[in-house]
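*Asks:* Next up is a structure, given as structure tokens.
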Amino acid sequence: MGQTKTAVIEGQTDKNQTPGETNEVEKTGRDRVVGQNGRGKKYQEARKLVDKNKFYTIGKAVELVKNMSYAKFDATVELHLVVKKDNINLRLDMPHATGKKIKVELANENTIKKLKAGKIDFDVLLATADFMPKLVPFAKILGPKGLLPNPKNQTLIKSEKDADKFNATATEIKTEKKAPLIHTVVGKIKNTDNELAENIQAVFDAIGKKQIEKAYLTASMSPSVKLEIS
């Protein structure tokens with residue numbers, strides 16, 4: 001009794017926020033929402049380092065995001081994009097590791113059993129051409145989630161041996177369902193500035209700068225920085 005508990009809940013956005021920004025909820029006996037004009041002291045101090053009306057080069061944005069990061073853990077660096085179309089879905093081998101681990105599964109009979117039970121416990125599903133007919137009945141489940149194996153994202157493989165060659169560190173770049181928005185991890189704060197910059201540039205190149213309308217860079221719990229696209 002009498003102790004103060006503080007927690008930060010990410011992902012609660014409002015219509016006035018730019019991509020990548022989150023509201024914080026501080027629990028001090030009873031919940032108190034800390035909104036746009038009443039965020040925590042550390043967040044407000046970090047926000048002073050960036051001009052919200054200015055567009056920064058990739059290199060400068062990386063530098064700012066690192067300086068603004070006040071998390072006590074190795075914060076995740078994310079790239080948030082507003083694009084011109086809502087059907088982008090591709091896999092990209094990043095120049096450098098992003099720190100995000102994914103579970104890759106080669107489709108087999110056990111996979112079918114799990115799908116029948118409505119269980120999906122993998123991030124990427126690989127399959128050979130001869131096994132694809134068994135996955136077709138689950139296309140309505142796997143398709144919307146971007147999990148149905150296909151040549152475009154290199155998840156339809158020639159043989160089971162090719163599964164070992166699959167790059168599990170590759171990043172999936174795709175728009176949200178029915179929305180021209182992309183959110184992807186480009187690394188961790190511990191990555192060097194150059195590694196983060198090259199990963200960001202790789203995403204820009206893969207999508208095509210002409211397809212990108214707005215770009216923001218942010219780290220866990222920190223303010224976002226607007227990126228130059230051209």
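The values are calculated or read from the model by the stated rules, or taken from the named source; none is laboratory data. In this text the structure is predicted, and so the values were computed from the model without any measurement. Reconstructed Cβ throughout: ideal geometry from the backbone, glycine too, with neighbour counts over all protein chains shown.
*Asks:* If residue 113 passes every condition in (1) closer than 30 Å to residue 77 by Cα; (2) basic (Lys, Arg); (3) exposed (fewer than 12 other Cβ atoms within 10 Å of the Cβ) but one, which one does it miss?
*Replies:* It is condition (1) that residue 113 fails.
*Asks:* Next question, about the same structure. From the list 81, 106, which one is touching a residue at least 40 places away in the same chain (Cβ under 8 Å) and in contact with a Lys or Arg (Cβ under 9 Å, 6 or more places away or on another chain)?
*Replies:* Values: 106 fails: in contact with a Lys or Arg (Cβ under 9 Å, 6 or more places away or on another chain).
The conditions single out 81.
*Asks:* Another question, if that's okay. State whether one or more residues within the stretch 120-139 are assigned by TED's automatic domain parsing to the domain that holds residue 218, farther than 20 Å from residue 225 by Cα and surrounded by fewer than 19 Cβ atoms within 10 Å (Cβ to Cβ).
*Replies:* Scanning the stretch 120-139, I find no residue that is assigned by TED's automatic domain parsing to the domain that holds residue 218, farther than 20 Å from residue 225 by Cα and surrounded by fewer than 19 Cβ atoms within 10 Å (Cβ to Cβ), so the answer is no.
*Asks:* Need at least 2 residues that are in contact with a strand residue (DSSP E or B) (Cβ under 8 Å, 6 or more places away or on another chain) and farther than 30 Å from residue 47 by Cβ per element, so show me which helices (runs of 4 or more DSSP H) inside the stretch 67-156 make the cut, counting only ones lying wholly within it.
*Replies:* So the answer is 132-135.
*Asks:* Is there a residue in the stretch 190-204 that is surrounded by fewer than 19 Cβ atoms within 10 Å (Cβ to Cβ), within 22 Å of residue 64 (Cα to Cα) and of a type in the set (Val, Ile, Thr)?
*Replies:* yes
*Asks:* May I pose another question? Would you check which residues across the stretch 161-193 are of a type outside the set (Val, Ile, Thr), part of a loop (DSSP other than H, G, I, E, B) and more than 11 Å from residue 104 (Cβ to Cβ) and list them? Talk me through it step by step, then tell me what you get.
*Replies:* Quick first cut of the stretch 161-193, residues of a type outside the set (Val, Ile, Thr) only: 161-168, 170, 172, 174, 176-181, 183, 187-188, 190-191, 193.
Pick out the ones that are also part of a loop (DSSP other than H, G, I, E, B) and you get 166-168, 170, 177-178, 190-191.
Correct list: 177, 178, 190, 191.
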